[in-house]
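In what follows, a structure is listed as structure tokens, so that the remarks can point back to it.
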Ligand SMILES: Nc1ncnc2c1ncn2[C@@H]1O[C@H](COP(=O)(O)OP(=O)(O)O)[C@@H](O)[C@H]1O
Ligand SMILES: [Mg+2]
């Protein structure tokens, strides 16, 4: 009897490990709640400010999304303020899609080389180079764009050299490392036995890469590209330095234009809180936020589809 | 007394016993001469000098790490990028271990099935059509026909004939392994190499797989690595015993299992190993 009680007492006593466990849980839960609160607060803040354009300033959502002239301080011919965000929305999408289109083949090609053709060189040279490129601050990219890309564009196509084309060139270099290293991860995740099965059937290495490895890695590669697009869409500083910052519908790739981010960074310091000019910028920020949620959603959907396959 | 007898027996037995084949009905189709395999500096296979009889099943047995997979993978040059393989691999009179050999064409003739069933994440149909399409067979009718005969030969047709467009990843382990066999034989190889194809399967699937192999013997020369000695005894005509990177004994399966010439073989097949 005595021993049973002793045992029970011993088992029920909170050990040091058990106490530590409770503390650990408490700390991580607090950290989690804090992060959730911050995220919710940011979204709430941007949303409340962004919606003000439509609620307090009575701009219609349709005018905002489809209007082609952006001049929030001035009333247009119809007496309403000119807050057409279409030029910036088009600019952002154009620059994002173009840079993704240019970067994808380079990224996948490099990833294939690193992972399939010459893994040794890939690990020794390309891996550190990619990591280094990811770490370069965007202002450096913007500065190089301004002093190299813009003059080159000017020399070839005439005009000022500022515009979507220069922005695409800069963004291409900026997203390339991210897309490359994520593509390499996607290829690395393809099981080795797929490659062996293919080679044992008499497929050449190229056939194996093309028909088996890239096929199997498609969801991962798509995620890499969407990730790069999200990064391009949200990039502000470097783009702002080379795009020309004219809130006009881009009528060519080499005419000065603007993106959502570039208008935001150039404008937000020059407006008064609560004014229409300020609210309109918050609305642009809301569009950005919404788009980054969409990119996130796409990445998740691809991930889920990849798992189901 | 006992000890003495054992010692005498051991001394009477040879250290190594490898026969040469001479069955006119089943001529030698593949043989290795002085095959050595190195992983970097480490030698993993010291003596590979076996002959394989056409349309027969040859089993490679031996403890794990004895070099069976190393040897088997060298036969269709799957070790090319991993290891250095020296020596000759004579396939119908041609040394296929020369650098000038087109390994892709050679692998069409010497197919391989792996330990772990490894169907592609494609449909059953596309798995089998894969190697055919690589070789330019694209006619729907022709593909349909080969897919059907391959699946029939692999004894899988009846189970999947209505699900050809379903993902191969949904198949059970035994079915997936038979799909891999169907995929390998779709391009009509001469020789089929199998590396412990049943080790991931349950006993029923294993039995079915063995029946399949026995029926495939009619069309193909089969070389199978197995750690299952009963399996070797059940299905093979010849057996090679590997130990520590060497072929210690090679003879007919009945010889190996009833009257081995080498003491170590005797210990291994009777379960007194180690
Ligand atoms: N890819 C490899 N790299 C280096 N050593 C290997 C490799 N594959 C096998 N080996 C070594 O070669 C020896 C034989 O292995 P293996 O052929 O796989 O034996 P078995 O198939 O008979 O179990 C083992 O010592 C193993 O560690
Ligand atoms: Mg093995």
Packing-wise, with mean Cβ within 10 Å as the measure, how do B:48-58, A:260-270 rank, highest first? B:48-58, A:260-270
Regarding the range A:166-266, what are the three Cα extents along the principal axes, ordered largest first, in Å? 58, 22, 17
Averaged over A:192-199, how many beta carbons belonging to a partner chain fall within 10 Å of each residue's beta carbon? 6
Can you compute the FRET efficiency between residue A:160 and residue B:215 using 1/(1 + (r/R0)^6), with r the Cβ-Cβ distance and R0 = 51 Å? Round to the nearest 0.05. 0.10
Have a look at B:151, B:60, B:143 and tell me which one the Gaussian network model of chain B (Cα, springs below 10 Å) gives the largest fluctuation. B:143
Compute the acute angle (0 to 90°) between the alpha-carbon long axis of helix B:173-185 and the principal axis of greatest extent of the alpha-carbon atoms of chain B; round to the nearest 10°. 80 degrees
As an exercise, find the ratio Rg/Rh for the range B:117-274 from alpha-carbon atoms, using the Kirkwood inverse-distance average for Rh. 1.05
Honestly the range A:237-305 on the Cα gyration tensor test (a ≥ b ≥ c root eigenvalues; a/c under 1.5 rounded, otherwise a/b vs b/c for prolate or oblate) is just oblate
Between the range A:172-200 and the range B:119-163, what's the alpha-carbon centroid distance in Å? 28 Å
Once both labels are modelled 7 Å past Cα along the beta-carbon direction, what's the residue A:252-residue A:148 spacing in nm? 2.5 nm
According to the square roots a ≥ b ≥ c of the eigenvalues of the Cα gyration tensor, what is the shape class of chain A, taking rounded for a/c under 1.5, prolate for a/b larger than b/c otherwise, and oblate for the remainder? oblate
With a Förster radius of 60 Å, plug the Cβ-Cβ distance of residue B:258 and residue A:16 into 1/(1 + (r/R0)^6) and report the FRET value to the nearest 0.05. 0.40
From the helices alone, meaning DSSP H stretches of at least four residues, give me the mean residue ellipticity at 222 nm for the protein assembly as shown, per-run term -39500 (n - 2.57), in deg cm²/dmol to the nearest 500. -17000 deg cm²/dmol
Cα Rg, Dmax, the range A:133-201, angstrom units: 18.9, 57
Going by alpha carbons, how many degrees (0 to 90, nearest 10) lie between the helix axis of B:2-12 and the longest principal axis of chain B? 70 degrees
For a test of the definition: using alpha carbon positions, the gyration tensor, and the 1.5 limit on a/c, classify the range A:1-124 as rounded, prolate or oblate. oblate
From largest to smallest, what semi-axes in whole angstrom does chain B give when each is the square root of 5 times an eigenvalue of its alpha carbon gyration tensor? 34, 21, 16
Sites residue A:290 and residue B:270, calculated FRET efficiency, Cβ-Cβ separation with R0 60 Å, nearest 0.05: 0.20
Residue-averaged beta-carbon neighbours from other chains (10 angstrom radius) around B:114-125: 4
Given points 7 Å out from each Cα along the Cα-Cβ axis, report the residue A:48 to residue B:161 separation in nanometres with one decimal. 7.0 nm
Please report the relative contact order for chain A, taking Cα pairs under 8 Å with a sequence separation of at least 6, and give it as a percent rounded to a whole number. 24 percent
Could you tell me how many cubic angstrom of Cα convex hull volume the range A:70-144 has per residue? 117 Å³
If you wrap the protein assembly as shown's Cα atoms in a convex hull and average its projection over all directions, what's the area in nm²? 44.8 nm²
Along the Cα→Cβ direction, 7 angstrom out, place labels at residue A:58 and residue B:169. What is the inter-label distance in nm? 5.7 nm
For chain B, built as a Gaussian network whose Cα springs stay under 10 Å, the top-fluctuating residue of B:222, B:146, B:128: B:146
Tilt relative to chain A, helix A:16-55 - C-alpha long axis, 0 to 90 degrees, to 10: 20 degrees
Given the options A:90, A:148, A:112, which has the most mean-square fluctuation in a GNM of chain A, springs set between C-alpha atoms less than 10 angstrom apart? A:148
Counting only DSSP beta bridges with both partners in the protein assembly as shown, the antiparallel fraction in percent, to the nearest 5, comes to 55 percent
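Every read-out reported here was derived from the displayed coordinates using simple, explicitly stated rules and does not represent laboratory data. Fair warning: this is a prediction, and the values are worked out from it, not measured in the lab. Reconstructed Cβ throughout: ideal geometry from the backbone, glycine too, with neighbour counts over all protein chains shown.
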